[in-house]
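To start, the structure under review is shown below, and the notes come after it.
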Amino acid sequence: MNNLFRRTITGVICILLIAGSIIAGQQLFSLLFLFITILGLWEFYSLVESKDVVPNKLTGTLTGAFIFASNALIAIGIASYKLLLFSFLFLFLIFLFELYRKIPNPFTNVSYTFMGLIYIAVPFSLLNYFPNPTFGNEIYNQSYILGFFYLIWVNETTAYVVGSAFGKSKLFKSVSPNKSWEGMIGGGVLAIIASWIISVFYTDISFINWLAIALIIVVFGTYGDLFESLLKRSNNAKDSGSLLPGHGGVLDRFDGVLIAAPFVFVYLLLIT
């Protein structure tokens, strides 16, 4: 089984799981991404772990899971925003626990533990609010979150295909020699076309706004891909993990989402 076939099968399964969970309702979507958040955090901490860096994997993963779960419960309407205040307790426990670990480079360990939370738990947590960016009561507008993922998938898939077939001009050679301007432009063009198609079916916001979201995803999704490549290169790793055949790990599959999500979320806040 060649890599392209494995990549395609894995991609289709991921798309069906994510799109299906969104359509089924926010509870199922949040449950799925709680699981993805936990896997992503553990993968990140395992990736950066070395003889000089020993992040607190258990505390960091549990803290990230709590941050995600508390935001999910608030977005669904089960809990109040007061629940978020408990996240501060978890965050400061990371400092306290490091005192008792008696491991070299404690401040490096704490820094990497916090980096995992900022890089993974926070962006995934924001996805809970995409269906309800106005923070209204009992609102679940699946078009925003579906449209976001559709554009992510179109951009990434097209960039990969075009880049593999025609890529010659390196986009950021020092970080990722396989990324090309041709791939980015190809992904961007199809994402723009996809934004128009999405605007025909999802009319809560105008085509101009869907176009703006597509451009945000093209730019910051690409930066997300590049940053994850930098992370792997810094840790002498080809992939962030091996969980997803043909893709690598969770971070390999969601690298664009992690950086694009906060920017799209802020844009939704401004226009809704």
Cross-chain or 6+ apart pairs with Cβ under 6 Å, region 84-108 first and surrounded by 13 or more Cβ atoms within 10 Å (Cβ to Cβ), then of a type in the set (Gly, Ala, Ser): Leu84/Ser70
Kindly establish whether Phe124 is assigned to a helix (DSSP H, G or I), in contact (Cβ under 8 Å) with a residue 40 or more places away in the chain and not assigned by TED's automatic domain parsing to the domain that holds Phe220. yes
If you scan region 176-192, which residues turn out to be surrounded by fewer than 18 Cβ atoms within 10 Å (Cβ to Cβ) and under 15 Å from Ile152 (Cβ atoms)? Ile192
Residues in region 196-215 that are of a type outside the set (A, V, I, L, M), touching a helix residue (DSSP H, G or I) at 6+ places or on another chain (Cβ under 6 Å) and within 14 Å of Leu268 (Cβ to Cβ) total 4
Tally, over region 151-185, of residues that are hydroxyl-bearing (Ser, Thr, Tyr), assigned to a strand (DSSP E or B) and closer than 16 Å to Asp255 by Cα: 1
Exactly one condition in (1) of a type outside the set (A, V, I, L, M, F, W, C); (2) free of Cβ contacts under 8 Å to residues at least 60 places away in the same chain; (3) assigned to a helix (DSSP H, G or I) is not met by Gly116; state its number. (2)
Looking only at region 229-252, and only at residues there that are without any contact (Cβ under 8 Å) to a residue 40 or more places away in the chain and out of contact with any Ser or Thr (no Cβ under 7 Å at 6 or more places or on another chain), the one that is surrounded by the fewest Cβ atoms within 10 Å (Cβ to Cβ): Asn236
Can you run down the residue pairs with Cβ atoms below 7 Å, 6 or more apart or on separate chains, where the first is in region 160-181 and assigned by TED's automatic domain parsing to the domain that holds Arg233 and the partner is among the acidic types (Asp, Glu) and buried (at least 17 other Cβ atoms within 10 Å of the Cβ)? Val162/Glu182; Gly163/Glu182; Phe166/Glu182; Gly167/Glu182; Lys168/Glu182; Ser169/Glu182; Lys179/Asp225
Output yes when any residue across region 197-208 is surrounded by 18 or more Cβ atoms within 10 Å (Cβ to Cβ), more than 20 Å from the chain's Cα centre (by Cα), modelled with pLDDT of 90 or more and not in a loop (DSSP other than H, G, I, E, B), and no when none is. yes
Residue that is farthest from Asn128 (Cα to Cα) [pool: residues in region 4-57 that are hydroxyl-bearing (Ser, Thr, Tyr) and in contact (Cβ under 8 Å) with a residue 40 or more places away in the chain]: Ser50
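The values are calculated or read from the model by the stated rules, or taken from the named source; none is laboratory data. On a predicted model such as this, the values are computed, not experimentally measured, just so you know. Cβ sites come from the backbone with ideal geometry, for glycine too, and all protein chains shown count toward neighbours.
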